1. Can you tally the net charge around Pro34? Count Lys and Arg as +1, Asp and Glu as -1, for every other residue whose Cβ sits under 12 Å from the Cβ of Pro34.
2. Roughly how much of Val159 is accessible, in Å² to the nearest 10, using a 1.4 Å probe?
3. If we count every other residue with Cβ under 10 angstrom of Gly211's Cβ, Lys/Arg +1 and Asp/Glu -1, where does the sum land?
4. What FRET efficiency would be calculated for the residue pair His39, His151, taking the C-beta separation as r and a Förster radius of 22 Å, to the nearest 0.05?
Amino acid sequence: MIIDIVVRNLFERTADVGFLAMDEAIRQFILAGPQGDRHAIVALLDAYRQKYTVYDEIFILDPQGRVLANLDPAHPIGQSHDPLVARTLAATGAEIDVAASAGKVREFATVLIDDALFALPAGNVIEAIEASRMLSTSTFKPVLAGALDYHEGGAAASVFVPVVDMRLLLLAGGTAAAPTATQAREIVIVRHAGSLVGLLVDGLHDVLEFGESHIDAPLLMFGGGANYIGNLIRTARPGDTIQVVDVERIVMNFFGPRKQAYLVAS
């Protein structure tokens with residue numbers, strides 16, 4: 001029982017890191033360098049601390065270990081020499097060779113689903129949260145894994161957000177075995193046309209930019225069937241591609257005119 005609590009806590013903290021890494025305000029602050037609005041970022045981190053109540057301090061570091069921002073104004077920190085920084089930068093995971101491009105680029109958040117990489121258009125991604133916050137539902141399973149009582153950006157009122165099991169939606173024609181609580185660790189909240197849906201995935205990977213010349217046109221499904229892959233991204237490795245999830249189609253299947261047919265079919 002104690003081990004389970006510790007493991008769950010580690011998974012939740014990993015999801016927190018993933019959320020902060022995908023936060024556009026933090027990414028722009030880091031890219032801005034000394035010109036970044038440090039006070040705004042500290043306020044954002046403080047709001048996150050108050051929301052989750054498990055942190056005394058949060059740091060934002062650059063790859064050299066320089067502390068760009070931290071919460072405690074009484075103890076400003078300029079540099080971290082913790083060996084964890086070097087180990088993290090040296091760690092290898094599912095590495096992607098991004099093909100060089102001189103033209104326009106598009107940004108994607110990459111996620112893991114059953115050890116395979118999929119890409120989500122970064123403009124549709126709101127945040128990533130731990131799967132333990134999901135409420136189970138008995139209706140419309142198996143593709144609808146559950147729901148969230150979701151507060152966006154500290155809003156006073158919550159909204160109902162359906163959560164889609166991406167393994168069952170994308171793999172083996174929807175017949176893949178449902179992931180366990182430890183396998184499906186994150187829910188990525190996405191938005192299209194003002195509506196929100198949660199995507200249950202196995203893990204967060206990275207936020208990457210790909211040249212438009214390496215992104216193939218949307219795929220067409222023979223026979224008019226459902227197809228939740230919008231594009232293919234070609235990497236620098238010959239024959240290697242990343243499938244782009246069609247967020248618009250998934251969201252519209254819940255909130256568009258055909259939502260009832262989709263839910264009954266799933």
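The values are calculated or read from the model by the stated rules, or taken from the named source; none is laboratory data. If you're wondering where the values come from, they're calculated on a predicted model, not measured in any experiment. Please note: Cβ atoms are built from the backbone with ideal geometry, for glycine as well, and neighbour counts cover all protein chains shown. What goes into the accessible areas is simple: the full protein's heavy atoms, side chains included, and nothing from ligands, DNA or RNA. Shrake-Rupley method; radii C 1.70, N 1.55, O 1.52, S 1.80 Å.
1. Numbers: positive: Arg38, Arg66; negative: Asp37, Asp62.
Local charge sum for Pro34: 0.
2. So the heavy atoms of Val159 present about 70 Å² to solvent.
3. Numbers: positive: Lys104, Arg106, Arg234; negative: Glu209, Glu212.
Its environment carries a net charge of +1.
4. Working: r = 24 Å, r/R0 = 1.09.
The pair His39/His151 has a calculated efficiency of 0.40.
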